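The values are calculated or read from the model by the stated rules, or taken from the named source; none is laboratory data. Note that the structure is predicted; figures quoted are calculated from it, not measured. For neighbour counting, all protein chains shown are included, and Cβ atoms are generated from backbone atoms with ideal geometry for every residue, glycine included. Quick note on the areas: whole protein, heavy atoms, side chains included, nothing else; ligands and nucleic acids left out. Shrake-Rupley method; radii C 1.70, N 1.55, O 1.52, S 1.80 Å.
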Amino acid sequence: MPAAKRTRPAPAAKKKPCPDCKKAGQVSESFQIGSRTKRESADRQEALCLTCFGTGHAPE
C-alpha cells in the first residue's frame, strides 16, 4: 500500500497594515473635560481602532 501524499496549504497572503493605527490596533485620542463648558484635555487616551476593529490589518 503506497503512502498518502501530504499536501501543504497555500501560504496566506500578507495583509496590509491599517493606515490609521499602523498595525497597533489602537489609536490615541484626546477627550473633553467638564459638564457645562467642555474643554479639551492635554492628556490622551487609547481607544480601539474603528477602521480595523483592533486587528491591525487594513480592511479588504
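Worth a mention:
- Straight Cα distances below 16 angstrom link residue 15 to the aspartates and glutamates 60, with same-chain residues fewer than 8 positions distant left out.
- Given +1 at the Cβ of Lys and Arg, -1 at the Cβ of Asp and Glu and no other charges, the dipole of the range 14-60 around its Cα centre is 100 debye to the nearest 20.
- Karplus-derived HN-Hα couplings along the range 18-27 (A = 6.51, B = -1.76, C = 1.60, θ = phi - 60°), whole Hz, x at Gly and Pro: 5, x, 8, 9, 6, 6, 8, x, 9, 10
- Segment residue 3-residue 38, extension gain: residue separation times 0.36 nm, minus the distance between their alpha carbons: 5.3 nm
- Relative contact order %, the range 4-47, counting alpha carbon pairs below 8 Å whose residues are six or more apart: 29 percent
- Taking a straight line from the alpha carbon of residue 22, these lysines sit under 19 Å away, with near neighbours fewer than eight places off in the same chain left out: 14.
- Computed from phi, the 3J(HN,Hα) profile of the range 33-39 under the Karplus parametrisation 6.51, -1.76, 1.60 (θ = phi - 60°) reads 10, x, 8, 9, 9, 6, 10 Hz, with x in place of Gly and Pro.
- For residue 26, distant residues with modelled amide H under 5 Å away: 49
- Shown here are the Rg and Dmax of the Cα trace of the chain, at 21.8, 82 Å.
- Couplings 3J(HN,Hα) for the range 47-60, derived from phi with the Karplus relation 6.51 cos²θ - 1.76 cosθ + 1.60 (θ = phi - 60°), are 9, 5, 5, 7, 6, 10, 6, x, 7, x, 10, 5, x, 8 Hz, where x marks Gly and Pro.
- The order of 60, 40 by accessible area, most exposed first and with a 1.4 Å probe, is 60, 40.
- Neighbourhood charge, 14 Å Cβ-Cβ cut-off, centred on residue 51 and excluding it, Lys, Arg +1 and Asp, Glu -1: +1
- Dipole-positive endmost among 31, 2, 13 within the chain (Cβ charges, Cα centre): 2
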